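> Sharing a structure with you now.
The values are calculated or read from the model by the stated rules, or taken from the named source; none is laboratory data. None of the values given here were measured: they were computed from a predicted structure. Positions of Cβ are backbone-derived with ideal geometry, glycine not excepted, and every protein chain shown enters the neighbour counts.
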């Protein structure tokens, strides 16, 4: 009997320690901020003004239309689609397996794209390390993904063309400014 009571006290002690750690690391504040959606954040429309993507994405005054682009950007045409990119970037075609792949780089920042029938999103919608938003580019459903915390390292835009080729643009370890440039490049895509 004494051993069972000792085990029960040990279990209670462990639960108390876990609760203290949760409280110290901001557990109460996280629950208040997230409300009832503590584990899965519902998707939002990318054109919703309440989404905070930084100064160049998400607001009505800076929303890019398919044929519009920031001043000083240059147009690049591929066989499958065209897009605009900052003038200090260069385009390099990559060899992809069953995909058309390329990269845009200015020497310090690199964005990569894959285009093909086998291209899929690389980040699952349920991954809590990322923020997801839905939108539309050139008439096709689009998913914007950016890190929600330091544990997420990838920013991507997935353009779902249904049964046709899909386009995935992405970058790793991007600053918020570079994330916004990636989103802006994606919004200029025009499929042939």
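> What residue, among those in region 137-152 that are under 16 Å from residue 81 (Cα atoms) and in contact (Cβ under 8 Å) with a residue 60 or more places away in the chain, is surrounded by the fewest Cβ atoms within 10 Å (Cβ to Cβ)?
Here the answer is 138.
> Could you list all residues from region 153-182 that are surrounded by fewer than 18 Cβ atoms within 10 Å (Cβ to Cβ) and under 9 Å from the mean Cα position of the chain (by Cα)?
Once the filter is applied, which keeps residues that are surrounded by fewer than 18 Cβ atoms within 10 Å (Cβ to Cβ) and under 9 Å from the mean Cα position of the chain (by Cα), region 153-182 yields only 154.
> Collect the residues in region 85-115 that are at positive phi and at pLDDT 85 or above, keeping them in residue-number order.
The answer is 107, and nothing else.
> Follow-up question, since we're still on this one. For region 97-117, indicate whether the set of residues that are under 11 Å from the mean Cα position of the chain (by Cα), closer than 27 Å to residue 79 by Cα and surrounded by 15 or more Cβ atoms within 10 Å (Cβ to Cβ) is non-empty.
Within region 97-117 (the criterion being under 11 Å from the mean Cα position of the chain (by Cα), closer than 27 Å to residue 79 by Cα and surrounded by 15 or more Cβ atoms within 10 Å (Cβ to Cβ)), the answer is no, since none of the residues qualifies.
> Conditions: (1) part of a strand (DSSP E or B); (2) under 23 Å from residue 78 (Cα atoms); (3) free of Cβ contacts under 8 Å to residues at least 60 places away in the same chain. Residue 164 meets all but one. Number of the miss?
(1)
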